[in-house]
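Single-structure report; data block below.
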Amino acid sequence: MEKKTIRDLDVKGKTVLVRVDFNVPIEDGEITDDNRIRQALPTIEQLIDKQGKLVLFSHLGRIKSEEDKEGKSLRPVSEKLAEHLGRPVKFVPVTRGDELESAVGSLQVGEVLMVENTRFEDIDGKKESKNDPDLGRYWASLGDVFVNDAFGTAHRSHASNVGIANNMDEVAAGLLLEKEIKYLGDAVENPERPFIALMGGVKVSDKIGVLENLLQKADMVLIGGGMSYTFMRAQGLSTGNSVVEEDKLDLAKSLLEKAEGKLHLPLDFRAAKEFSNDAETRVTDYDDLRDDEEGLDIGPKTIEKYAELLQNAKTVVWNGPVGVFEFENFAKGTKGILSTLAELKDTNTILGGGDSAAAAIKFGYEDAIDHISTGGGASLEFLEGKTLPGIQCVDDL
Ligand code: AMP
C-alpha cells in the first residue's frame with residue numbers, strides 16, 4: 001500500500017490541516033496517558049520544519065448532548081502538546097465561525113493552532129460522526145492541503161478525516177499513520193515467518209473477523225484471556241464460573257476445526273471464587289476448574305509454554321490481555337508475555353491498540369516492543385484485512 005506521506009509534500013507557507021488522534025484519557029482535567037500526543041509529534045515537528053501553518057483537528061470522547069461537553073474540551077490537550085513541542089499552541093474554543101476563520105487567517109509560518117473537539121459538532125445531528133458533507137467542505141475550505149495522521153479513527157468515515165479529504169486536492173499520510181500501515185499491514189500481508197498471533201481479551205465475538213483472518217495468515221495462534229473459556233467449553237471442558245459466550249460455542253468449534261492444530265489454548269489458569277484482586281487464588285489445570293471458580297489469568301505452565309513457542313517467531317502480533325491485568329494478582333500472565341516479547345531480539349513485535357497496549361505502557365514495556373498501535377478498533381479492523389476509510393482517503397503514490 002504505497003501512500004503519499006508528508007515527506008512528499010511541499011507545505012512552505014501553506015495552511016496544513018492535520019487530523020490527529022488526541023483522544024486521550026483525562027481525569028479531573030489531568031491527562032493520564034499522553035501516548036497519542038507523543039506519537040503525533042514527529043508529524044507535527046516535520047510540518048513545522050517544512051514551514052507550514054498548522055491547523056490540528058481531533059475528537060475527544062463521545063458527545064451526544066451539551067452536558068457531555070463537560071471535561072471534553074481539547075484545551076488541556078493543546079497545553080500538553082505545547083509542552084512537548086516547546087512552543088506555543090493557539091487554541092480556538094470553537095469548531096466553526098469567525099473566531100476560527102480569523103485565527104486560521106492570521107497564522108504565521110511554523111505556528112500551530114488546535115481546533116476545539118470535532119465531536120462538539122455531533123450535538124446537532126451528528127455532523128462529525130455521520131460525515132456531514134457541508135461540515136467536511138467547510139473545514140476543508142480553511143486550508144490548502146490535508147494530512148491524516150489519526151490511525152485511531154481510520155476505521156471511521158467522519159467529517160474530520162474522510163469529509164475533509166474528499167474536498168482537498170492533496171491528501172497525505174502523517175508519519176504515525178504511515179508507521180501503523182507499515183507494521184500492521186506488513187504483519188498481515190507480508191510477515192517474516194514464523195508469524196505467531198496472540199489473542200486475548202474477553203470476548204470471542206469481538207474478534208471473530210481477526211481470528212478468522214489470522215488463522216489463515218499466521219503459522220500459529222495462541223489464545224489467552226477470557227476468550228479461552230468459550231473455546232474450552234466448546235470442547236466439552238468444565239469452565240466453572242468463567243466468562244463463556246454460550247451463543248458462540250458453535251463458532252468456537254468451527255474455528256477449532258478450521259485451525260487444524262494451529263490454535264493453542266492455555267494449559268492452566270489462575271482462578272478465584274470472586275472477581276476481585278483480593279480473592280484467594282488457585283492455579284488449576286485446564287480441565288480442573290471447579291464450579292464456583294472463574295479463570296482470571298493464564299497459569300505458569302501456559303506462560304512457560306507460550307514463551308517457548310514465541311522464541312521461534314520472527315513476527316508476533318498480540319491483541320488483548322491474557323488475564324485481568326487491571327488486578328495485580330491476575331497480571332502475571334500479561335506481564336510474562338510482555339517480558340518474553342521484550343527479550344526477543346530478532347523478532348518484529350507488534351501490539352494491537354486497546355488493552356494490551358495499555359498494559360505494555362502500564363508495566364513499563366513501551367520501549368521494548370517494536371510497535372504499539374495507537375488504534376484499538378482500527379487495529380482490529382486492519383488485522384481483519386478490512387479497508388479502512390481513513391487510509392483509503394489518502395492519495396496513492
Ligand atoms: P478486550 O477489550 O476484549 O481486549 O478485553 C480486555 C479485557 O479483558 C480486560 O479488561 C481484561 O480485564 C479482560 N479479561 C482478560 N482475561 C479475562 C478473564 N479471564 N476473565 C474476565 N475478563 C478478562
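Every number here is computed from the coordinates shown, using simple stated rules; none is lab data. Note that this is a predicted model, so its numbers are computed, not measured. Heads up, the Cβs are rebuilt from the backbone with ideal geometry, glycines too, and the neighbour counts pull from every protein chain shown.
Overview of values
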quantity: Tail fraction, Cα-Cα pairs, segment 74-165, threshold 24 Å, whole percent; calculated: 19 percent
quantity: Residue order, fewest to most beta carbons within 10 Å, for Thr153, Thr5; calculated: Thr5, Thr153
quantity: In nm, spacing of pseudo-spin labels at Leu309 and Arg282 (7 Å Cα→C-beta vector); calculated: 2.6 nm
quantity: Set of lysines with alpha-carbon distance to Lys314 below 19 Å, sequence-local pairs under 8 removed; calculated: Lys179, Lys182, Lys217, Lys262, Lys305, Lys345
quantity: Estimated FRET transfer efficiency when R0 is 41 angstrom, pair Ala82-Phe363 (beta carbons, to 0.05); calculated: 0.90
quantity: For Thr118, net neighbour charge (Lys/Arg +1, Asp/Glu -1) across residues whose Cβ lies under 10 Å away; calculated: -1
quantity: Spacing of the two label points (7 Å from each Cα toward its C-beta) at Lys69 and Glu257, in nm; calculated: 5.6 nm
quantity: Ascending count of other beta-carbon atoms within 10 Å, so fewest first, for Asp132, Asp297; calculated: Asp132, Asp297
quantity: Packing rank of 320-330, 213-223, where each peptide gets the mean count of other beta carbons within 10 Å, highest leading; calculated: 320-330, 213-223
quantity: Between 0 and 90°, nearest 10: helix 175-189 axis offset from the chain longest Cα axis; calculated: 30 degrees
quantity: 0 to 90° range, to nearest 10: angle between helix 35-49 axis and the chain longest Cα axis; calculated: 30 degrees
quantity: Derived scalar couplings ³J(HN,Hα) [segment 13-26; Karplus, 6.51 cos²θ - 1.76 cosθ + 1.60; whole Hz; x for Gly, Pro]; calculated: x, 8, 8, 9, 8, 10, 8, 10, 10, 9, 7, 9, x, 10
quantity: Two-decimal ratio, the chain, of alpha-carbon radius of gyration to 2.2 N^0.38 Å; calculated: 1.06
quantity: Ranking of Glu308, Glu245 by count of other Cβ atoms within 10 Å, fewest first; calculated: Glu308, Glu245
quantity: Those residues of segment 241-262 whose amide nitrogen sits under 16 Å from the label point placed on Asp292, 7 Å along Cα→Cβ; calculated: 241-242
